[in-house]
Amino acid sequence: MTETDFILKNYDLNSIKSGNATWKTPSNIALVKYWGKQEPQIPENTSISFTLDACFTLTTLEYKLKERHSELVSESNHSDFNFEVYFEGEKKDDFKPKIATFFKRIEHYVPFLKDFDFVIESRNSFPHSSGIASSASGMSALALCVMSIERSLSGVEMTDEYFNKKASFLARLGSGSACRSIEGDIIVWGEHSEIKESSDLFGVKFPFKVHKNFKNYHDTILLVDEGEKQVSSTVGHKLMHGHPFAQQRFKQANENISKISEILKNGDLKEFVAIVESEALSLHAMMMTSNPYFILMKPNTLKIINKIWAFRAETNSNICFTLDAGANVHILFPENEKEAVNNFIIKELVQYCQENHYICDRIGFGAKRLSNS
Ligand code: DP6
């Protein structure tokens, strides 16, 4: 599919005057990381993620067709999108620029955006300041709400497959990793010769049969640093332009996709651990070797990593860690180790979390529509 397949051409504004759509959309955790992109939101390498379950955003988009007279407002107003944003019940004008940028980017594909007045109401299942990337679940929820409007307006039958693909395509334009938060349970984003139908434009389901070892895989997120990140992902991605190790890193990631693809099929947990941890450290190595350089890990991140390595050496467990662009540690482990690993986390790791905060999550199956009228 190409980008032109996602342009809505025929729609009937008289088919709906007002309504609302609510979507509950999960976060995701990358196993092979996306770090580096080209315009417009095209990843430099393929990434793969587990869709999560407990970490989600719930967004309602209320829409009302503009009155004829308000369509005839002055030029400058006419070019603006009209929306209000509420986050956890509070009006949030500071969220508006990011959403306006998103609307501007997707307008070409969903040309009805300026025909409506919108109210966006959103909340997260996890604390906003927890350092958990809310852009993936937030942008994918909004993209799905917009797609619900498109479905009502388009008048023709739309397959779920097209709906999800276009939602992922739109979400990507809001935040790259958001395109992996539409479906579950394992999603690939970025064209790769060994993954059928993979695309730079949207996420696709991992197309092979996954070994039972990965069923119900756990991700316990240790909140090491709940503050605002010092360097945003957007800035970090930019620093991959002209980075001395960039090309090598993109090649490594694409090779890791081939390796992890085999591992997900054959269930080799030792190999899984090796790739996932190497990916997390390679991501952070890129940050430490960019210009300017920066470090997002905190002392407690390293303490946790060392404890995990010691526990694994002692018990032969398949526990491993991964990191996002922040200090928090995602601890991944199989279902049959949950008791032992939970005890270990409580006894030895929770002390390194800010205010002992952590979130127990697991692999999930994608976004859900809660209502649409
Ligand atoms: C480290 O998707 O947040 O989490 O496209 O600029 O919004 P933008 O970046 P974002 O980057 C995520 C980077 C990562 C790795 C990953 O999720 O693959």
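The numbers here are math on the coordinates, done by the rules we state, and not lab data. All values reported here derive from a predicted model rather than from experimental measurement. Cβ coordinates were reconstructed from backbone atoms using ideal geometry, including for glycine residues, and neighbour counts include every protein chain displayed.
For the chain, modelled as a GNM with alpha-carbon contacts under 10 angstrom, which of THR301, THR315, THR59 fluctuates the most?
THR315
When the helices in the chain are scored as -39500 (n - 2.57) per DSSP H run of 4 or longer and the sum is shared across all residues, what 222 nm value do you end up with, to the nearest 500 deg cm²/dmol?
Taken over the chain, the calculation gives -10500 deg cm²/dmol.
Spelling out what I want: for every residue of segment 140-149, take phi, set θ = phi - 60°, compute 6.51 cos²θ - 1.76 cosθ + 1.60 (Karplus), and round to whole Hz; glycine and proline get x.
With coefficients 6.51, -1.76 and 1.60, one gets 5, 5, 5, 4, 5, 4, 4, 5, 5, 5 Hz.
Compute the length gained on full extension between MET1 and CYS360: take 0.36 nm times their separation in residues and subtract their Cα-Cα distance, giving the result in nm to one decimal.
Net length gain for the segment: 125.5 nm.
Take VAL119, project a point 7 Å from its Cα along the Cβ direction, then tell me which residues of segment 80-103 have their backbone nitrogen under 14 Å from it.
Backbone N within reach: 83-92.
Rank-order 38-51, 282-295 by packing density, defined as the average count of other C-beta atoms within 10 Å over each peptide's residues, highest first.
Taking the mean over residues of other Cβ atoms within 10 Å, the ranking is 38-51, 282-295.
Anyone know which of LEU349, LEU323, LEU302 comes out most mobile in the 10 Å Cα GNM of the chain?
Taking springs between Cα atoms under 10 Å, the residue moving most is LEU302.
Whole Å is fine, so just give me how far the alpha carbon centre of segment 306-320 lies from that of segment 142-161.
Value for the Cα centre distance between the two parts: 46 Å.
Once you've got the Cα coordinates, tell me which of LYS24/LYS165; LYS270/LYS368; LYS166/LYS368; LYS205/LYS259; LYS24/LYS196; LYS98/LYS368 are over 22 Å apart.
In this structure, LYS270/LYS368; LYS24/LYS196; LYS98/LYS368 lie more than 22 Å apart at Cα.
Once phi is turned into θ = phi - 60°, what whole-Hz ³J(HN,Hα) does the Karplus curve with 6.51, -1.76 and 1.60 give for every residue of segment 47-58, x standing for Gly and Pro?
So the Karplus estimates, Gly and Pro as x, are 10, 9, 9, 8, 6, 9, 10, 6, 8, 9, 10, 10 Hz.
Would you mind checking which residues have amide H under 5 Å from ASP361's amide H? H placed 1.01 Å from N; only 5 or more apart, or other chain.
When sequence neighbours closer than 5 places are left aside, the close amide H contacts are ASP219, THR220, ILE221.
Compute the helix-to-body angle for 299-315: its Cα long axis versus the longest principal axis of the chain, expressed 0 to 90° and rounded to tens.
50 degrees
I'm checking a number: the convex hull volume of the Cα atoms of segment 217-362, normalised per residue, in Å³. What is it?
Numbers: hull volume 16.2 nm³, N = 146.
Per-residue hull volume (Cα only) is 111 Å³.
Please report the projected area of the chain's Cα convex hull averaged over all directions, in nm².
18.8 nm²
Relative to the longest principal axis of the chain, what angle (0 to 90°, nearest 10) does the C-alpha long axis of helix 246-266 take?
80 degrees
For the chain, which longest stretch is free of loop sites, where a loop site is one of the trypsin sites (Lys or Arg not before Pro) that DSSP puts outside H, G, I, E and B and that has at most 10 other Cβ atoms within 10 Å?
After excluding every exposed loop site, the longest remaining stretch is 18-195.
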